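Visitor: Have a look at this one before I ask anything.
The values are calculated or read from the model by the stated rules, or taken from the named source; none is laboratory data. Owing to the predicted nature of the structure, the values given are computational and were not obtained by experimental measurement. Using ideal geometry, Cβ is built from the backbone for each residue, glycine included, and neighbour counts are taken over all protein chains shown. Note: areas computed on protein heavy atoms with side chains; ligands, DNA, RNA excluded. Shrake-Rupley method; radii C 1.70, N 1.55, O 1.52, S 1.80 Å.
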Amino acid sequence: MPWLILLPLVFLTSLLESTALKEIELLGIRPDLFLIIAVLSAIRLDLLEASIASCLVGLAKDILSTGPLGFNASFFIGLSLLIGLSRHKIYRDHIFVQLLIVLIASLVHRGGYALILGLTHGSLSPWLLLLNVFLGALYTVALAPGPYWLFKKSIPMHPIRT
Amino acid sequence: MFYKMRSQRLKKRGFPKKILLAIIPLVICLSLLAIPLGLANRIKITVSSPLKPIQKAFLVAGKGVKRAFLWIPASWQAFSRVEELEGEVFCLQNKVATQEAVINRLQTELSSVTEYYRGVKLGQKPLLAHVIAYDSTDLRRSILIDVGSRHGITLDSLVLAKDALVGRVSAVGNSTSRVLLITDPASRIPARILETSDVGVVEGGSGELCRLKYLSRWGSKVEEGYKVVSAPIGGVYPDALFIATVAETLEEEGIPYKTLRLKPRFDLAKVDTVLVLKKEDS
């Protein structure tokens, strides 16, 4: 059942991220819908399902960008494993908790990517990278309530085994 | 004994098996990182090729929606300020005349640069292409265009817009190609300043601007507005293809070379039609 929602959602996100989202960018920064889907899947789905969903989302992002193939996919799977294994410790039902997880994940993802780019390409300005990390993470969180609502309505929360 | 009991209990719950299964995609994706860049680019472009018509439609739709959103508040305001605007029309007409003069000057400038390299044999045929998608990562700058190997595009084909260098083809599919823009951090272009002939390397800075690095600190004095053109070093770029103009000189202490900040003539992220220079032998 979740795949009936997730697969079209990943497809639609891929199209939006590579085309129409360009129209709503702020200072050249766009929200990362792929990350939102990966995080929300990790929170709501079973560990294995979340891992596969994150893999698909990450690969879609990798295919539509210039970076190395597998970078985002590996990060998203690692993220979903981390969330999946620690979700019994967090109160995951509340929207603010989920948005906070999206914010932290976005900061780590953007920060890591900026660090790698900064180290490999010396011409990047540190201020530009910092702006991208923080503004991008906030912009991503600002758009997260939409997908959160969609996930809440369509994908039931996987129960935690005790 | 304790560990045995614990592992039996965990096994009974099936937890480690699930973790192991969940790690398999991670191992697969990490192994993808080891694929050579050329092959990875080929895979990416092949997989994203079927999306071409839908991406085109989404791009048009996105622009249309944005225009509509901008038009609604603008028309509402214009309706209430119609008399005020009528008064401004006269002033704007004068400004248009001034702008026309500026455009004429710029066109003369542009044609002079164009004439400069028209005489040089580029060995490449131009092909018009449309932008169908952008890079999905913020810090990278690349575009997807609707021509590929079927149209004679090869790797490292040059891409131009408004007679200025936009980038080079970094991955070629059957009917689409990815163009690495000159503002991408991975872009390196041998270049020289037209006015002084000082040679350096243009590097992308991920934003709208790029940099001309490795210029001699004791070289000629460079002023704002000087033109930077490509240099034929390395054989990828032809001589004297316009890249950008000098916006600022960055004086950094303790570095033996000088760096200039360059401004492309237009925002590369907003370009929607480009000219790809096909190599003659392709």
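Visitor: In bins 20 Å wide, starting from 0, what share of all Cα pairs of the protein assembly as shown does each bin hold, as a percent?
Guide: 22, 49, 24, 4, 0
Visitor: Give, to the nearest whole percent, the P(r) tail of region B:124-279 beyond 18 angstrom, counting all Cα pairs.
Guide: It works out to 55 percent of all Cα pairs.
Visitor: May I pose another question? List the residues whose amide H sits under 5 Å from the amide H of residue B:202, counting only those 5 or more places along or on another chain, with H placed 1.01 Å from N in the peptide plane.
Guide: B:189, B:191, B:213
Visitor: Taking the solvent-accessible surface of protein heavy atoms with a 1.4 Å probe, what is the per residue accessible area of chain A in Å²?
Guide: Result: 42 Å² of accessible area for each residue.
Visitor: Return the carbon/sulfur percentage of the accessible area of region A:2-154, one whole number, probe 1.4 Å, all protein chains in place.
Guide: Carbon-and-sulfur percentage of accessible area, whole number: 79.
Visitor: When you have a sec, figure out the Kirkwood radius of region A:2-154 from all distinct Cα pair distances and drop it here in Å to one decimal?
Guide: After inverting the pairwise mean of 1/r, the radius is 15.6 Å.
Visitor: Same structure again: What residues qualify as long-range amide H neighbours of residue B:133, i.e. H under 5 Å apart, gap of 5 or more or another chain, H built at 1.01 Å from N?
Guide: B:144
Visitor: Express the carbon and sulfur contribution to the solvent-accessible surface of region B:141-281 as a percent, rounded to the nearest whole number, probe 1.4 angstrom.
Guide: Here it works out to 49 percent.
Visitor: Counting heavy atoms of the protein chains only and a 1.4 Å probe, report the per residue accessible area for region B:151-282 as a whole number of Å².
Guide: I get 40 Å² per residue for region B:151-282.
Visitor: Short version: which residues of region A:14-47 lose at least 40 Å² of accessible area, all chains versus chain alone, 1.4 Å probe?
Guide: When all protein chains are present, A:15, A:18, A:19, A:22, A:23, A:30, A:47 each give up 40 Å² or more of accessible surface.
Visitor: A follow-up question, please. Ordered by residue, what ³J(HN,Hα) values in Hz, to whole numbers, does region B:185-200 give under the Karplus form 6.51 cos²θ - 1.76 cosθ + 1.60, where θ = phi - 60° and Gly and Pro are x?
Guide: Listing the rounded values in order: x, 8, 7, 10, 10, x, 8, 9, 7, 4, 6, 10, 6, 6, 9, x Hz.
Visitor: While we're looking at this one, here's another question. Can you run phi through the Karplus equation (6.51, -1.76, 1.60; θ = phi - 60°) for region A:6-11 and list ³J(HN,Hα) in whole Hz, with x for Gly and Pro?
Guide: Going residue by residue, I get 5, 4, x, 5, 5, 4 Hz, with x marking Gly and Pro.
Visitor: Any idea what the relative contact order of chain B is, in percent, if you count C-alpha pairs under 8 Å spaced at least 6 apart?
Guide: Relative contact order comes out at 17 percent.
Visitor: Moving on to the next point. Between residue B:173 and residues 5 or more places away or on another chain, which pairs have amide H atoms under 5 Å apart, with H built 1.01 Å from N, and which residues are they?
Guide: Answer set, sorted by chain and number: B:149, B:178.
Visitor: Also: Of B:46, B:154, which has the most accessible area with a 1.4 Å probe, and how do the rest follow in descending order?
Guide: Output order, biggest surface exposure first: B:46, B:154.
Visitor: What order, most packed first, do the peptides A:11-17, B:66-72 have when packing is the mean number of other Cβ atoms within 10 Å of each residue?
Guide: Packing order, densest peptide first, comes out as A:11-17, B:66-72.
Visitor: Let me ask something else. At a probe size of 1.4 Å, how large is the accessible area of residue B:28, to the nearest 10 Å²?
Guide: 90
Visitor: Inside 10 Å of the C-beta atoms of B:125-137, what's the mean count of C-beta atoms belonging to other chains?
Guide: The per-residue average across the peptide is 5.
Visitor: Continuing with the same structure: Among B:27, B:172, B:47, which one moves the most in a GNM of chain B with springs linking Cα atoms closer than 10 Å?
Guide: Of B:27, B:172, B:47, the most mobile in the Gaussian network model is B:27.
Visitor: Using a 1.4 Å probe and counting only protein heavy atoms, how much accessible surface gets buried when B and A come together, both sides summed, in Å² to the nearest 100?
Guide: Result for this pair: about 4600 Å² buried.
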